[in-house]
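Visitor: Submitted below is the structure of interest, expressed as structure tokens.
Just so it is clear, none of the values below were taken in a lab; they were calculated from the coordinates. What you are looking at is a predicted structure, and each value in this text was computed from that prediction instead of being measured. Neighbour counts are summed over all protein chains in view; Cβ atoms, including those assigned to glycine, are modelled from backbone coordinates with ideal geometry.
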Amino acid sequence: MLEIKAIQTKEEQERICGLCGVEFDPDCLAFGAKETAGETEEDREKLLGVSQFRIIKDFAVIYDLAKSIKSDDFEAVVITGKATLNFIDLCGIKTVFFKTDNKNLPEILGFEKFDKEDNGGDYKYRLNLEGYFDSPCGCKF
């Protein structure tokens with residue numbers, strides 16, 4: 001079973017980011033995804049992915065959404081992205097930017113390409129969460 005939880009300490013966030021091959025950002029909030037079912041203890045504690053993001057005034061930015069270097073579970077990363085977006089939405093934030101070079105993942109989650117010349121940051125994708133969670137699945141599987 002997939003478990004996605006907020007990472008509680010910066011030490012744990014740094015460790016998980018390292019296992020997912022992303023640069024640790026202590027200024028970001030983060031979620032970690034792991035497998036909680038399996039026959040062995042190793043199977044039950046298998047790290048699947050991480051997301052790092054910030055809430056900045058009236059918008060949010062997802063900086064990293066990555067799978068563990070020991071996992072090929074792309075669906076777990078997509079679900080981690082959905083959990084991150086759900087948290088952001090529950091905080092009342094409706095505009096989310098995704099700063100990534102990964103072309104497929106943001107589009108699967110419903111982000112649209114964003115011309116970085118028109119924005120103040122180096123954001124590549126944008127999503128409006130207004131009504132995003134009204135249907136069973138806002139992503140484009």
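Visitor: Quick one: Cα centre-to-centre distance for region 75-115 and region 1-36, in angstrom?
Guide: 17 Å
Visitor: Can you order the peptides 9-17, 102-110 by their average number of other Cβ atoms within 10 Å per residue, highest first?
Guide: The packing order, highest mean first, is 102-110, 9-17.
Visitor: Report the rotationally averaged projected area of region 2-128 based on its alpha-carbon convex hull, in square nanometres.
Guide: Computed as one quarter of the Cα hull surface, the answer is 7.7 nm².
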